[in-house]
Amino acid sequence: MHVMERVVRMSVAFAVGGTAMAALAAASLPSTAAPEKDQPYLHPRANLVVWPSPGEDVEISGTFISPRAAADSATLALMHRGVQRPLICEARWIAGSVSGYLVDAIGDLTIEGLHYSVFRIGIRDGAEAQYGEEFCAGSEFVFIALGWDSAGAQIWYPPPGPDHHPAEDESLDELLAYEFLLDREAFETLLTRYARGANNE
């Protein structure tokens, strides 16, 4: 099932389920408490309370990781890609073509002379670990970066970005990454909503 269709279906289920489902989800997920001293990669206001709650449609096992563990994996993956001073801000859980977390962060990365400061990295949750090593919990499945040029125009990685409409004879595998650009407005405003404070410099 297409990722967007699955997310929409889950959103409808949440609306129908009402308060009882929300209470159940809140009880089963970690709080948004300030990061501990040994977790400087979390923004002081990081929101790792994700919806829909992992486990609604998957069987929880010892290989299924939490949003906090996904944030750990996302930080390592971002640093491996060269992102400087990454700060994890938000996470959301998805299931469909992939079962995992979309983790959003701010930081600094230069690729071919272009600077990016907002990132989304997909981390598998372990629900599909039986299919092989690349499906194991903590492995990366997508990477998206957003920056702005000197004129204030958006620049995207992978290029050319989510607004590009390929011609019939044009095949761009890079565009498949933007299937995971859910809640685009929230992603584009991440840097404003999670400004880096003096205590994070």
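Largest first, the three principal axis extents of the alpha carbons in the range 70-189 are 46, 40, 25 Å in whole numbers. Amide H contacts of residue 98 (H built 1.01 Å from N, in plane; Pro and chain starts excluded): no residue 5 or more places away or on another chain comes under 5 Å.
Among the chymotrypsin sites (Phe, Trp or Tyr not before Pro) in the range 100-174, none sits in a DSSP loop with a Cβ that has at most 10 other Cβ atoms within 10 Å. In a fully extended conformation the segment linking residue 196 and residue 154 would gain 13.1 nm over its present Cα-Cα distance, using 0.36 nm per residue.
Computed from the coordinates by the stated procedures, all read-outs in this text should not be read as laboratory data. Just so we're clear, the structure is a prediction, and the values are computed from it rather than from any experiment. Here the Cβ is made from the backbone with ideal geometry for all residues, glycine too, and neighbour counts use every protein chain on show.
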